[in-house]
Each structure stands twice: as C-alpha cells, then as structure tokens.
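K.L.:
This structure is in structure tokens; I'll ask about it shortly.
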Ligand code: HEM
C-alpha cells in the first residue's frame, strides 16, 4: 500500500515548522496580553469612556466628529485614556497645567501618529526630532523675521483681491450663496507660493493647481482613518491595504508639485545670475534654504531641502485657509461683531486701496475676533508626543515613559473648567484686561514651547489682511439651509464646504 504524504520524509520538518509558528504566535499573544495588563496598571489613576473590547474608543474619534470629544472633556476633567484597539492607548490631555507640563519638555513626536504622516511630510520640521530638528529650526526661523513679514503685506493683499474679484463676478449686484472654502484655500496657496517661494502660479485662476489641494485633503483623510484603526498600526495589514495604495498615489502628486517648485526656483536663480542680477531686495524662504545649503554643504542635503519645502507647503496652506473660513463663518453668524470689525477697518483703511503693516497693528477688535475664532475652531486640533521619560502632572498623577500623549487643543479651548460658556463666540475674552487674568497655557492654537508654530506671525498677518479686505467689500450672512459641519481630518475641515451669502457693499 502506498504510504500517506504525512508519513513521507517531509512530515517531520513540516511538523517542526507548524510547531515553530504556533509557538511564535503564542509568544506574541502572551506579549500582547502582558502589554495590556501593564497599560491597565499604568492608567489606573485615570478614568475615561468605556472602550469596546476589540476596537477600543475608535468610534469616538475615527469619524472625526469632535462634538463627541466635548462631552468627554466635560465628564472627565484634565485627561482620559483613549484605547486604539485592545493593546494601544493615546492619552488625551486638555487641562492648562497638564499642557504646560508637557510643553516644557522635549519629548519627540509620537511615532504612532507620525508613522502615517512621515511619507507625506518626509523629514521636515514637523516630523523631525533632536539635533536635526534644532538645526533645521535655526535655518528656517530667519525666513519669518519682521522685515520679511512686512514685505508680504502687499503681496497678500494682491492675492486676496484676486479672490474678491472672482466673488464679485459670481455675485454681481445680488446677494448670492457662494461656497467659499475652496476659493479661500486657493488664495492661501497663492499667497504661500508668492511669499515663501516668489512664484507666480496664477493658481486662483488656473485650475490645474486644484490637484495639490485635492491631494492634501485626500491624504489627510486617509491618514486619519489609519491612525485610529487598530489594524493599520500593524505594517502587514497597512502595507497591503487599499488605503496604503491611495496614500501613495496622492503623496506622489503632492511631491511632484513641490519638486516643480524647487526646480522653477533654481531655474529663476540661474536666469537672474546669467542676467547679472546679484542683489535681491528681499530673500524668501526658499532663498534662505538654498543659501543655507550652499553654506552647510552636506549638513543640509537636497533631501533636507525638499522635505522642508514639502513641509511648508503642507503646513502653510490648509491651516490658514481653514482658519480664515471659520472666521468668516463666525462673523456671518454674529452680525454685531462683523459690523464692529468693519467699522474699525474702515476707520483705519478707508476704502482699502492700500494697506500697511502698521495699520494691521491698529486693528485691535478684529484681532480679538480672529483669536476667538481660533479658540472655538483651532484648525490644528491636536498635537502628540511620545514620552521619553516618565511625567508627573501638577496633581501628582503620573504616566510612564513610552506613552503616547495627545494634547487636544480643541478640548483645551472648549474645556468648561477653563472657559466660561465655551461654545459662545465672545471676542472680549481676548481684551487686554481679560487675557492677562488667564492661565498661560489655556490658549494654544499655535502650540507652545520650543516646538511652537514657526509660521504663526505669517498666518496672523495673512488673516488680518484677508479679513480686512473681505469685510470692506462684502457683507456676510450664513446660509441656514447649509450649516457648517466641522470634522477633524488631522486639520479641521468642513464636511460639505462652507456656504455663505455674500452681498457686495456698494
Ligand atoms: C492659522 C494657521 C496655523 C495654525 C493654526 C498652525 C498651527 C500649528 C501647530 C499647532 C503646530 C505644532 C505642531 C506639533 O507640535 O505637532 C505648528 C507647527 C508648525 N507650523 Fe504651523 N500653523 C499655522 C500656520 C502655519 C504656516 C503658515 C506655516 C508655514 C508657512 C506653518 C508651519 C509650521 C511648521 C514648519 C511647524 C513645525 C514647527 C516645529 O516643530 O519646529 N504653520 N503649527
């Protein structure tokens, strides 16, 4: 009789392989079990919303609807653990003392969050840590000095006027509903291209640039989905997933765009050199990086340059675009504040035919409205760190090294223990008198500490110029049939655009 295959000479090695893999699997299960037990012990002092046994608190965050977070912030003071599946935790904090403790340290960015962001951002300021981050930060900071910012005011005004021209064409003399979010983002791309790269792209008119904005939106959506999905934290599931392929496709589109920006800059510098133009009036961000590269040689490689340009394109467009959009929404919702801003701006700028840096400094009420809008809707809703050593908060509770801590800027700005009636739009919270009474870490739209936002003064400049020129030309009213629904896709985004009634002021 013929012997079964199990009795052949292959049977023994096959048994050994099966036993080997079963043992490996078992060891992995034991390791995960022990990790869970350790996490439960580490987090004993903190309560939070009950997690599902498999998916954890994914339901709370995966959808991006931040109103759910408001309820949790109200119920659990200071902080709570959010489970991402059974074996991983993101520790959320939203208390000013907790924020101050975290931001006074130098913990690196959390690898769980940045794992999905790094392919998009590459090795730029937002994702770097340690000495390389410090070197890049030193090189980049001069690009935002006062003289350079002052020179941007007129350039920003030009870009805003292009957008206003488009709106005037759409509206004519009628009050008309316009979806403003897309136009504002294109305007924001236009100013960034002009101010930081001295490039005239005509992107507000030429629709090919929409691919960059679309790509950014798609990438952030995919990354958010992956961050809060327990399975995608395992490379084996992520690498072969449709999300990974989509992320790759859109990342390539964005990277091609940034590659083009550098190429064009190098070409224009070469042309200037050939024409004997050696002296430039004002250096832009890319000039500063290119000269840093020339001075530092290998210390600042082509890849470093590429990564920083990429980071600035990604960090500088949607953030300002979103913030300006929420500001217009809040002013449309609150006509009394809109009127007061317009009166202030008219008093300073007249008809707005010219605008200067000094005039921006006089717009105190408008600035309070910008700050209050950034409080209610902080476009960057959260930042995260991985603890490099244990941390003890001022109330005596501690966390061990290795924990991922998420500072929820949204939660902090809407924390009822910090802000009275947190959901009410009240610019007077930012009057000199009220502001000086507040905790130094209760308001952090641009984060704080060493790793605060390097572009924050540029952002505030653009916001002031834009809102001033918009309010001089248009009256804004909300569209009650299409209320703004905000969701967090890493940055705040409108679920269905932002529709406002625009009426030209004659
Ligand atoms: C209203 C607009 C903006 C908001 C709300 C905002 C918010 C933030 C926040 C919260 C951080 C901290 C991120 C973290 O620690 O993970 C940050 C960092 C950063 N922002 Fe902004 N940002 C804005 C505009 C800009 C602009 C216009 C640029 C550049 C042109 C920019 C470039 C950066 C960079 C490079 C970093 C990393 C800084 C570092 O780690 O050293 N941001 N921003």
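All of the numbers you see were taken from the coordinates with simple rules; none came from a lab. Keep in mind the model is a prediction, meaning the values are calculated, not measured. Methodologically, a virtual Cβ is constructed for each residue, glycine included, from the backbone with ideal geometry; neighbour enumeration extends over all protein chains shown.
K.L.:
At what distance in nm do the modelled label points of residue 398 and residue 506 sit from each other, each positioned 7 Å from its Cα along Cα→Cβ?
P.N.:
7.2
K.L.:
Express as a percent, rounded to the nearest 5, the fraction of DSSP beta bridges in the chain (both residues included) that run antiparallel.
P.N.:
Close to 85 percent.
K.L.:
For the chain, what is the calculated [θ] at 222 nm in deg cm²/dmol (nearest 500), taking -39500 (n - 2.57) for each run of four or more DSSP H residues and dividing by its residue count?
P.N.:
Mean residue ellipticity, 222 nm, calculated: -18000 deg cm²/dmol.
K.L.:
Relative to the longest principal Cα axis of the chain, at what angle does helix 318-333 sit, 0 to 90 degrees, rounded to 10?
P.N.:
That helix lies at roughly 60 degrees to the long axis.
K.L.:
Further, regarding this structure: Where a ≥ b ≥ c are the square roots of the eigenvalues of the C-alpha gyration tensor, would you call region 432-472 rounded, which needs a/c under 1.5, or, failing that, prolate if a/b is larger than b/c, or oblate?
P.N.:
Oblate.
K.L.:
Now, a different point. Normalised by the number of residues in the chain, what is the relative contact order in percent for Cα pairs under 8 Å and 6+ residues apart?
P.N.:
The value is 24 percent.
K.L.:
Mind running the shape call on region 12-139? Use the C-alpha gyration tensor, a ≥ b ≥ c as the square roots of the eigenvalues: rounded below 1.5 for a/c, prolate if a/b tops b/c, oblate otherwise.
P.N.:
Oblate, because a/c is 1.5 or more while a/b does not exceed b/c.
K.L.:
Please label the shape of region 179-326 as rounded, prolate or oblate, based on the square roots a ≥ b ≥ c of the eigenvalues of the alpha-carbon gyration tensor (a/c under 1.5 means rounded; beyond that, a/b larger than b/c means prolate, else oblate).
P.N.:
Note, shape of region 179-326 comes out oblate.
K.L.:
By how many degrees, 0 to 90 and rounded to 10, does the Cα axis of helix 335-349 deviate from the longest principal axis of the chain?
P.N.:
For helix 335-349, the angle is close to 50 degrees.
K.L.:
Roughly how many whole Å is it from the C-alpha centroid of region 482-503 to that of region 91-108?
P.N.:
Region 482-503 and region 91-108 have Cα centres separated by 29 Å.
K.L.:
Further question: Give me the Debye-computed log₁₀ of I(q)/I(0) at q = 0.06, 0.12, 0.13 Å⁻¹ for the chain, equal point scatterers on Cα only, no solvent, two decimals.
P.N.:
Taken in order of the listed q values, log10 I(q)/I(0) reads -0.32, -1.18, -1.36.
K.L.:
Related question: Cα centroid distance between region 219-270 and region 39-59, in Å?
P.N.:
31
K.L.:
Over what distance in Å are the Cα centres of region 436-469 and region 149-195 separated?
P.N.:
21
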